[in-house]
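For reference, the structure is listed below as structure tokens.
The values are calculated or read from the model by the stated rules, or taken from the named source; none is laboratory data. Values in this document were obtained by computation on a predicted structure and should not be read as measured data. Because the Cβ atoms are built from the backbone with ideal geometry, glycine has one as well, and the counts that use them run over all protein chains shown.
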Amino acid sequence: MATKAKSEQAPKSAPAPAAQPQPSSLAGAFAKAVKLVDGGKYAEAIKALDTLIDEAQAAGEWAIKRRAQVYHALAESKLHPAKVSTPDVITEIQASLNRRDTDGALKQLEKAIKAHSAQGNLHYLRAVAFAQADNAEAAAENLKKAVELDADLIFQWHMEPDFNSVRKSPLFAFTEGH
């Protein structure tokens, strides 16, 4: 018995599920979102781009998703700009020392120590400044005060290359055995 071939044609392709937007609608939504960003309507743009990113993900449209993420980040940065932070005093003093601006660092340290005389790290930084200036006596005096306030600074002293020029001075004998 011979079988009869089916004369029905198979469907060419199934239509896309209704939940997934078509690429052309995603491109239109992207263009609208870009106009919102360009127009300074950042909050609206963020909402539109959030939706677009989700829809592009669902549709597998990675290029549109990636572009939408870039514009999303831009809109977020415009809506919530980063706050400019001013460096703290210790950072400024360390920067002066790194530039070998010993006089500038010492001026900053005098003010800082007057305001916060119990901070060992300020006395330590003043010791570093004096060591940079090859003033072993002042460096040792300030290091001793720093270590009295914060004993852990002795470990930093052992590693600090700025003390190399004065380290062998007998004024630093108090650091032996630490």
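In table form, for the structure just shown:
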item: Options A112, A33; residue that is closer than 21 Å to A131 by Cα and either over 26 Å from the mean Cα position of the chain (by Cα) or outside the structural domain of A133 (by TED's automatic domain parsing) (or both); result: A112
item: Residue in the range 49-61 that is polar (S, T, N, Q), at negative phi and modelled with pLDDT of 90 or more present; result: yes
item: Selection count where residues are polar (S, T, N, Q), crowded, with 16+ Cβ neighbours inside 10 Å and not in a helix (DSSP H, G or I), scope the range 145-178; result: 0
item: Subset of the range 118-134 [assigned to a helix (DSSP H, G or I) and of a type outside the set (S, T, N, Q)]; result: G120, L122, H123, Y124, L125, R126, A127, V128, A129, F130, A131
item: Scan of the range 59-93 for residues that are small (G, A, S), over 30 Å from L106 (Cβ atoms) and exposed (fewer than 14 other Cβ atoms within 10 Å of the Cβ), ordered by number; result: G60, A63, A73, S77, A82
item: Inter-residue pairs, beta-carbon under 8 Å, first within 30 Å of A43 (Cβ to Cβ) and in the range 78-106, second modelled with pLDDT under 90 and among the basic types (K, R), 6+ apart; result: none
item: Residues satisfying the stated conditions in the range 135-144, i.e. surrounded by fewer than 19 Cβ atoms within 10 Å (Cβ to Cβ) and either in a helix (DSSP H, G or I) or modelled with pLDDT under 95 (or both); result: E137, A138, E141, K144
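Residues checked against (1) closer than 30 Å to H116 by Cα; (2) touching a Leu at 6+ places or on another chain (Cβ under 7 Å); (3) part of a helix (DSSP H, G or I):
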residue	(1), (2), (3)
S25	no, no, yes
F30	no, yes, yes
L36	no, no, yes
K65	no, no, yes
V70	no, no, yes
S85	yes, no, no
I93	yes, yes, yes
